[in-house]
Every structure is written in C-alpha cells, then in structure tokens.
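Here the structure is laid out as structure tokens; the discussion comes afterwards.
The numbers here are math on the coordinates, done by the rules we state, and not lab data. Please read these numbers as outputs of a predicted model, since none were measured by experiment. So basically every Cβ, Gly included, is an ideal-geometry build from the backbone, and we count neighbours across all protein chains shown.
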Ligand code: FNR
C-alpha cells in the first residue's frame, strides 16, 4: 500500500521492488570485487542456475472467492517467534559489501523483528551485532580447535543468540573461479574478520596479534576450518557446549537428514550454500520434498538457496519447509543502500509473500500444502 500510495504522489522507491532483479541493480552500483564475492558460485555456476530453475518447475495455483483478505504470516520456530517464516541467512564478512556490514543488516532486521543468523565470519564481533540486533541465531563454522569452538559458543550464548546453526557443507572451500579471478582477498585483509580476531581463544593461538599481522591471522583463520575431521560422532561436543536448539545447515540427502534426526538435532537447513560449493549439485528445492518426507515429523526443516521473492518463499513452505533463509537478495540490498537497502528488500519479500498467500487462497502459512502447487513439466 505504501509503495502504491507514494507512487500516486510521483515518488518511486529508492531501490527496485522486483527482488529478482536486485543482482543486476547491485552489479551496476557495486565495485566488481565485492559484487563478485556475493554473486559468485562454485565452478560454472550450474548449481546456482539449477536452484533458480527448480522454482520455475513448481507453479502456484490461484484461487478465487476465498475470503482470504486478512492474513497472518507469523510463526514460531524452535522457540523464536517470527512475524513471518523468514530469517536472514548467515553471510560472512559483510563489510566487504558495505562499511556498516552486519550492524546495518542487524538493525534493519530488528526493525522488522525478523531474526538474523549471524555468521562465524562476521566482520563485526558478535557482541557488537547483538547490541543492535533483535531476535538472533548464531551460525557456527566448526573450528578444528575445541578451545576456539567452545569460546565462540560461550560468547554467542552470553550475547543472547538463541539457536545454533552449524554449517557442514563448507569443511573445505570449493573451486570458486570468480573469487580466484577477482581476488577479493585484499578486501578481506582490509576488513578483517573481527568476530574471530577479537576471540580470546583464537588470539591465544597466534604468534603476532591480528592488528600487527592481519594477513597471517586470516590464513590461520581459514586453516581452522579446512580439512576438518568431524563426523556424526562429533556432535555431542556441541551439545556439551551449547545449551539450546541446534540445527545442521547444508543437508541435501535424506539419509543425512535421518542421521541428523537420529543424533537428536532440533532442525536442519536444506541448503547447497547458494550453489557456492558443488558445481552440478542437485537444486536445493528439488532435494526438499524427499527430506521433508523422511524427517519432517522429527525435526524442524528450514530451507535456503535460490529464494528471491515471495512466491519462492511460498513454494518452499508448500513443499514442507517451516521457514526459509533469505540470502543474496538482502546482501544486494546492503550493497545498494546499507541498512535502508536491507530493510527495503525484507519488506518487499514479505509484502509479496503476504499477497501471494492470499491470492492462492490461504490465510496462514499452516494452510500451505503441496496442493497449493502444480508441478509443471517443461
Ligand atoms: C554465504 N553463505 C554462508 N553460509 C554460512 O553458513 N556462513 C557464511 O559465512 C556464509 N557466507 C556467505 C557469503 C555469501 C556472499 C553468500 C552469497 C552466501 C550461504 C548462505 O547462508 C545461504 O546458504 C545462501 O546464500 C543461499 O543461497 P542464495 O539464496 O543466496 O542464492
């Protein structure tokens, strides 16, 4: 309504409201290296494309005369009340994209009560982000050193992060030609990874402080997460050090989902990291129905990879996800306009979701079932 009314007064929004076109808008506005950091994927970009194409194969069936004029998007996931079944996905080193980085993102989300999932690789210390954030979860890249892991978990808990999202699909960084070609690492050296660099256990393992030798600190940081020897038997360590819900992110196979349920995890995030890890991987949305069928009644199934607008959110929910994580679109919003840009993107996606929910004859997200969708063979 607000956008239409402003339009009548000849005011156009500062950023596009077509959240599927944010990538083009961001490419025109951002410097090539930061843009490449966000837009890039593994290998040829095949999985990124597949993630998007998978949404096009599911079509929403509009309904009429349903009386769906008042709608309620709210939900509660693992004890976190949400105005809509949408969280902001963990995205590392956001200072590369905008100097205010995660602080701007957290403020924008807090204004709308939308939860953030803060990355281990945050360019601001998790305590500083917590000070301006609303509902918040913490994403763990699981370090090889137990002391560093315990320290991160302790800090996150003390700073009021309520759930833990453990990302498992990035135990080694994939072949990412775009990153290699555009060399954003100099940006990384300039911005640093303050969340890590301020961590007492991490600092204790360095010969020189990150302030004196940022390059060495970054190398050490990356090595902490590479070639990890973790397996399913390692999960009790997290339970010992985290008092709260735990979700595993990066699940694409129903057997892995079953193992997560057997290990008494509270949730999973069906995700292929936005196509940044395995080129030629199954589209995340195509992996979702089988996983929901396997474990949907045993733990909370969340979804990401390829969500660009309200219709996409609705499709993932109709296929059984309890909530979705919004990734690149809000980061493009950050690049385009800092806090205001992120807020604009979240509001656009939620307004779109609300209207599409009504136009498909539903009033709450619980009403959504696969019957809302039609599988198109193209
Ligand atoms: C990510 N993602 C990610 N995931 C995570 O668990 N920790 C992290 O630090 C990051 N960092 C990160 C940086 C950038 C630039 C991107 C684009 C993505 C993955 C993210 O949480 C999510 O899974 C994807 O963004 C979903 O794909 P789409 O919807 O953005 O294409």
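Could you tell me the relative contact order of region 53-123? Use alpha-carbon pairs under 8 Å, at least six residues apart, and round to a whole percent.
Values: 68 pairs, mean separation 20.9, N = 71.
Dividing the mean separation by the residue count of region 53-123 yields 29 percent.
Applying 1/(1 + (r/R0)^6) with R0 = 45 Å to the Cβ-Cβ distance of residue 220 and residue 255 gives a FRET efficiency near 0.85. Inter-part distance, region 270-323 to region 47-120, computed on C-alpha centroids, equals 13 Å. Using a Gaussian network model of the chain in which every pair of alpha carbons under 10 angstrom is joined by a spring, one finds that among 27, 145, 211 the greatest mean-square fluctuation is at 211. Peptides 77-87, 120-130 ordered by packing proxy, namely the average of other Cβ atoms within 10 Å per residue, highest first: 120-130, 77-87. Peptides 151-159, 64-72 ranked from most to least packed, by the mean per-residue count of other Cβ atoms within 10 Å: 151-159, 64-72. With helices as the sole contributors, the chain gives -13000 deg cm²/dmol at 222 nm; each DSSP H run of n ≥ 4 counts as -39500 (n - 2.57), and the sum is divided by every residue. Fully extending the segment from residue 44 to residue 23, taken as 0.36 nm per residue of separation minus the present Cα-Cα distance, adds 5.8 nm. Based on C-alpha pairs under 8 angstrom that are at least 6 apart in sequence, region 312-378 has a relative contact order of 39 percent. Rounded, prolate or oblate: pick one for region 82-180, where a ≥ b ≥ c are the square roots of the eigenvalues of its C-alpha gyration tensor, a/c under 1.5 means rounded, and failing that, prolate if a/b is larger than b/c, else oblate. Oblate, because a/c is 1.5 or more while a/b does not exceed b/c. Using 0.36 nm per residue and subtracting the Cα-Cα separation, the extra length available between residue 298 and residue 243 on full extension is 17.8 nm. Once label points are set 7 Å from the Cα along Cα→Cβ at both residue 72 and residue 12, what is their separation, rounded to one decimal in nm? Calculated label separation equals 3.9 nm. Shape class of region 148-224 from the Cα gyration tensor (axes a ≥ b ≥ c, square roots of the eigenvalues): oblate, since a/c reaches 1.5 or more and a/b does not exceed b/c. Taking a point 7 Å out from the Cα of residue 80 in the direction of its Cβ, the residues of region 103-120 whose backbone N falls within less than 15 Å of it are 105-120. Each peptide in 194-206, 329-341, 8-20 was scored by the mean count of other Cβ atoms within 10 Å over its residues; highest first, the order is 329-341, 194-206, 8-20. Please find, in a Gaussian network model of the chain (springs between Cα atoms separated by less than 10 Å), the residue of 355, 288, 314 whose mean-square fluctuation is greatest. Result for the chain, Cα springs under 10 Å: 355 fluctuates most. Our summary gives region 222-378 a relative contact order of 17 percent, counting only alpha carbon pairs under 8 angstrom and 6 or more residues apart. Counted residue by residue at 0.36 nm each, then reduced by the alpha carbon distance between them, the extension gain from residue 234 to residue 131 reaches 33.9 nm. Of the candidates 219, 88, 285, which one comes out as most mobile in a Gaussian network treatment of the chain with C-alpha springs shorter than 10 Å? Evaluated over the chain, the most mobile residue of the options is 219. Rounded if a/c is under 1.5, else prolate if a/b is larger than b/c, else oblate: which is region 1-117, with a ≥ b ≥ c the root eigenvalues of its Cα gyration tensor? Since a/c stays below 1.5, the shape of region 1-117 is classed as rounded. Remark: 231, 149 ranked as 231, 149, counting other beta-carbon atoms within 10 Å and listing the fewest first.
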